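J.: Encoded as structure tokens, here's the structure I'll be asking about.
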Amino acid sequence: MQDPLYLTMWLRGYSAIALPVYFRKLAAVVPMSRLEPYARLRIVPVSWGEPALLEEDFEADRGLEELSAVIQEHLHGDCAYQVETRWDLWQWEGGDWRLKPSSLVLELFGELFDTESGEHVRVEFGAQSLYLPQSRSDNLRPVQSNIRSLLHLAGDIEQALPVERRMLWSESEENFVERLTALLD
């Protein structure tokens, strides 16, 4: 499994009661895949080790915004609300770059849910390799396009939500921004 890339955010004036509103604003800026539209909602109580209270696939034509009504129905301060969807990114496959659906996971946390650092929102952008140059290709444009997509989405989220603090990170020991800078120099 490739190391995923995350954007973690803490919100100014955060309130768990506003989770459906935060989600609606987040969903309004998320670019769902045109190649393979998909959305799955999971509601997990207390911590990630617990079984999901709800896990449901949603029709793509309903859009992500409609999921906020389901979140409102199941609103609890000790739950995490996770939506897995897809967005289109360039991927290296079979010796060539192809535009393909890639996983995008949105997570919002109630104030009593067990998170590592007390974050309110986390976005998993998929494998960090999607945003790093491929050693087998001299073409940097697809990677640059993926980075622009990531930065554009991060900027849109920051404008939609009252973001007080943010952090782009991966589970590896490396600093992703430093690694990317070193590879592009």
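The values are calculated or read from the model by the stated rules, or taken from the named source; none is laboratory data. Treat the numbers as computed from the prediction; the structure is a model and nothing was measured. Don't worry about glycine lacking a Cβ; one is built from the backbone with ideal geometry, like all the others, and counts go over all protein chains shown.
J.: Just give me the residues in segment 10-23 being in a strand (DSSP E or B) and over 20 Å from D78 (Cβ atoms), in sequence order.
T.: Those that are in a strand (DSSP E or B) and over 20 Å from D78 (Cβ atoms): none in segment 10-23.
J.: Shifting gears a bit: Suppose we keep only residues that are of a type outside the set (D, E) and modelled with pLDDT of 90 or more within segment 55-87. Which one would you say is farthest from R40 (Cα to Cα)?
T.: Step by step, filter segment 55-87, then rank; the result is C79.
Each row is one residue, and each column tells you yes or no for (1) modelled with pLDDT under 95; (2) touching a strand residue (DSSP E or B) at 6+ places or on another chain (Cβ under 7 Å); (3) under 27 Å from V70 (Cα atoms).
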residue: L89; (1), (2), (3): no, yes, no
residue: W97; (1), (2), (3): yes, yes, no
residue: V105; (1), (2), (3): no, yes, yes
residue: G110; (1), (2), (3): yes, yes, yes
residue: E124; (1), (2), (3): no, yes, yes
residue: L140; (1), (2), (3): yes, no, no
residue: F176; (1), (2), (3): yes, yes, no
residue: R179; (1), (2), (3): yes, no, no
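J.: Take the residues in segment 135-150 that are of a type in the set (G, A, S) and more than 19 Å from T8 (Cα to Cα), then tell me which one is surrounded by the fewest Cβ atoms within 10 Å (Cβ to Cβ).
T.: The selected residue is S135.
J.: Where in segment 43-160 are the strands (runs of 3 or more DSSP E), entirely inside, with at least 1 residues that are closer than 18 Å to V30 by Cβ and in contact with a Lys or Arg (Cβ under 6 Å, 6 or more places away or on another chain)?
T.: 54-58, 79-93, 96-109
Listed here are the residues, each with its yes/no results for (1) of a type outside the set (S, T, N, Q); (2) over 16 Å from the mean Cα position of the chain (by Cα).
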residue	(1), (2)
V70	yes, yes
Y81	yes, no
E84	yes, no
E111	yes, yes
S117	no, yes
F125	yes, no
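J.: Identify the residue in segment 107-140 that is in contact (Cβ under 8 Å) with a residue 40 or more places away in the chain and of a type in the set (D, E, K, R) and, among all such residues, is farthest from H74 (Cα to Cα).
T.: Out of the qualifying residues, it is R136.
J.: May I pose another question? So how many residues does segment 16-43 have that are touching a residue at least 40 places away in the same chain (Cβ under 8 Å) and either charged (D, E, K, R) or farther than 21 Å from L89 by Cα (or both)?
T.: Number of matching residues: 14.
J.: Hey, can you tell me all the residues within segment 24-42 that are within 12 Å of the chain's Cα centre (by Cα) and part of a helix (DSSP H, G or I)?
T.: L26, A27, V29
J.: Looking at F58 and the list (1) more than 25 Å from W169 (Cβ to Cβ); (2) in contact (Cβ under 8 Å) with a residue 40 or more places away in the chain; (3) surrounded by 14 or more Cβ atoms within 10 Å (Cβ to Cβ), which single condition is not satisfied?
T.: (2)
J.: A follow-up question, please. Would you point out which residue out of L153, L184, L161 is in contact with a Leu (Cβ under 7 Å, 6 or more places away or on another chain) and either at pLDDT below 90 or surrounded by 17 or more Cβ atoms within 10 Å (Cβ to Cβ) (or both)?
T.: L161
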